[in-house]
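Structure record follows, encoded as structure tokens.
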Amino acid sequence: MTQRVLVIDDEPDIRELLELTLLRMGLETATAGTVKEGLLEIQNFHPDLCLTDMKLPDGTGFDIVRYIQREHSHVPVAVITAFGSMDAAVEALKAGAYDFVSKPVDLAKLRDLVQTALKLSQGTSSGASSGSSEYDDGSNPIIGESPAIELLKKTITKLARSQAPVFIHGASGTGKELVAKQIHLQGPRSSGAFVPVNCGAIPESLMESEFFGHKKGSFTGAIEDKAGLFQAAHHGTLFLDEVADLPLSMQVKLLRAIQEKAVKSVGGVEEVSIDTRILSATHKNLEEEVEKGHFRQDLYYRLNVIKLDVPSLEERGNDILLLAEHFLNLIAERWQLPKAALSNEAIKVLANYPFPGNVRELENILERACTLSDGEFIEPDDLQLSSITTDVRSVVKKEPILEQSLEKPDFSSGNEKEQILHALNQTRWNRTAAAKTLGMTFRQLRYRIKKYDLDQLP
């Protein structure tokens with residue numbers, strides 16, 4: 001069925017231009033010149049997408065956005081703003097607009113916007129919701145049943161229906177990239193690329209080239225043209241992790257790319273339009289970074305159109321045990337070994353541990369515990385938690401957890417793989433003898449052989 005687009009603008013020339021462009025895309029159109037006419041057309045025409053000017057004779061585009069959000073929330077609405085009025089565009093996004101386009105209207109950008117928005121509308125109308133129903137089988141990669149996680153999942157579904165920049169805030173190890181990827185996958189850009197980049201890992205001298213690309217010969221070592229991260233995320237999502245680590249000089253260029261929806265490669269002459277959704281994250285407090293002068297206030301407002309807080313593991317209650325079960329299954333599958341289980345005492349310890357490193361720390365703890373466990377069950381000693389409180393020790397009702405025995409190997413050693421291989425060769429691959437030589441149990445050695453793929457050696 002032909003999809004429908006409603007255009008609301010008080011300038012006849014603009015209405016005609018947009019209508020012709022949409023008709024050439026094979027879409028059915030209707031137009032209106034005022035808020036009142038627009039509201040009537042929404043009720044009668046039943047559009048799949050609405051394009052509205054911000055300034056109208058009897059109101060503003062905000063009136064249209066709020067009405068559609070209230071009465072027809074499944075219909076995406078994009079606002080047309082005057083050139084340079086980025087603040088109005090940001091406010092429209094906060095009010096619930098899907099996206100914005102600036103005057104004079106760039107028809108190529110408009111077509112990209114319309115195509116992406118109609119994917120969202122089509123998915124909703126066909127019943128193939130891009131939201132939580134996708135995971136009715138329990139396969140949602142965000143694991144947990146706590147109220148904090150259930151709220152996070154619902155918010156992700158809502159945010160996936162917009163193109164507004166989202167700033168994801170949370171402590172290290174909470175899974176900010178996983179959240180960003182779910183916003184991407186549940187939205188209309190899911191068929192495009194999800195491009196994550198750690199802003200703190202790129203040398204400052206290479207940042208502009210990495211983000212915007214470069215032309216051959218533009219600097220020493222540029223032996224061929226190279227597309228940047230923005231171009232790689234065209235029609236997709238660019239996730240800027242640890243965005244607070246960007247130097248001020250790069251923040252200016254990033255701000256322009258977001259506002260103009262265009263980038264110019266190093267050594268290039270013309271700007272190239274980009275259709276990219278921006279998601280960002282950091283464990284730092286961006287408001288404090290702005291106050292200190294480390295982060296530009298104007299960029300902060302562009303990135304922080306919508307703020308999403310990811311809860312810490314300590315806030316998630318029994319999710320700790322659900323995650324532990326998930327990670328133990330993954331470890332067993334990865335190493336192709338029988339799954340280890342947590343003893344009752346180990347469960348009590350984990351349930352009362354504060355997890356300063358959050359979900360990432362839990363996974364690391366369990367991977368280490370699987371290698372240290374002597375028997376079928378993982379015990380508190382195997383967890384090797386560094387800061388178990390007196391209260392936790394009393395809950396466990398066992399002797400205080402002792403430091404790792406001197407007979408156990410030093411797992412922080414950088415040449416552990418070589419030591420194990422040397423011991424195996426010395427004992428002619430008698431694993432029991434090799435384990436004794438290394439001062440570890442047979443189970444511990446078996447895990448390491450799987451971990452380092454030593455059993456694949458001839």
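The values are calculated or read from the model by the stated rules, or taken from the named source; none is laboratory data. In this text the structure is predicted, and so the values were computed from the model without any measurement. Backbone-built Cβ (ideal geometry, glycine too); neighbour counts: all protein chains shown. Ligands, DNA and RNA are excluded from the accessible area calculation, which covers all protein heavy atoms including side chains. Shrake-Rupley method; radii C 1.70, N 1.55, O 1.52, S 1.80 Å.
Quick notes
- Calculation over all alpha carbon pairs of region 1-126 in 5 angstrom steps from 0 returns a P(r) of 2, 12, 24, 28, 22, 10, 2, 0 percent.
- More than 31 angstrom apart: percent of Cα pairs within the chain: 55
- Ordered by 1.4 Å accessible area with all protein chains kept, W429, W335 run largest first as W429, W335.
- Take every DSSP beta bridge whose two residues both sit in the chain; close to 10 percent of them are antiparallel.
- Other residues within the sphere of radius under 14 Å centred on the Cβ of Y67, judged by their own Cβ, net out at -2 (K and R +1, D and E -1).
- Pair-distance distribution of region 311-362: all C-alpha pairs, bin width 5 Å, starting at 0; shares per bin in whole percent are 4, 20, 29, 23, 15, 7, 1.
- Efficiency of FRET from Cβ geometry, L107 and Y452, R₀ 45 Å, rounded to 0.05: 0.20
- Proximal lysines to K226, defined as alpha-carbon separation beneath 17 angstrom and excluding residues fewer than eight positions away on the same chain: K215, K216, K264
- Length gained when the stretch S205-K94 is fully extended (0.36 nm per residue, less Cα-Cα span): 36.5 nm
- For the set T2, T441, T81, T220, solvent exposure ranked by accessible area (probe 1.4 Å, protein chains only) runs largest to smallest as T220, T2, T441, T81.
- Look at the dipole of the chain built from charges on Cβ: of Y300, H169, F62, the Cα furthest out on the positive end belongs to H169.
- Each label was represented as a point 7 Å from its Cα along the Cα-to-Cβ direction; for N344 and A227 these points are 5.9 nm apart.
- Tensor-based shape of region 418-458 (alpha-carbon gyration tensor, a/c under 1.5 rounded, otherwise prolate or oblate): oblate
- As a length-normalised measure over Cα pairs under 8 Å and 6 or more apart, the relative contact order of the chain settles at 11 percent.
- Where the Cα pairs of region 189-289 fall when distances are cut into 10 Å bins, in %: 15, 48, 31, 5, 0
- Approximating the spin labels as points 7 Å out from Cα along Cα→Cβ, the Q384-to-A148 distance works out to 2.7 nm.
- Computed accessible area, K339, all protein chains, 1.4 angstrom probe, square angstrom: 80
- Computed from Cα positions, the angle between helix 86-95 and the longest principal axis of the chain comes to roughly 70 degrees.
- Note that region 249-378 shows a convex hull volume over its alpha carbon atoms of 185 Å³ per residue.
- Only protein heavy atoms count here; on that basis, with a 1.4 Å probe, R360 has an accessible area of about 140 Å².
- Between helix 248-260 and the chain there is an angle of about 50 degrees, using the helix long axis and the longest principal axis of the Cα atoms.
- On Cα atoms only, tilt of 358-372 relative to the major axis of the chain in degrees: 30
- Using a Förster distance of 30 Å, the FRET efficiency for R256-H283 (Cβ separation, nearest 0.05): 0.70
- Additional length obtainable on full extension of the chain from H72 to E270, 0.36 nm per residue less Cα span: 67.3 nm
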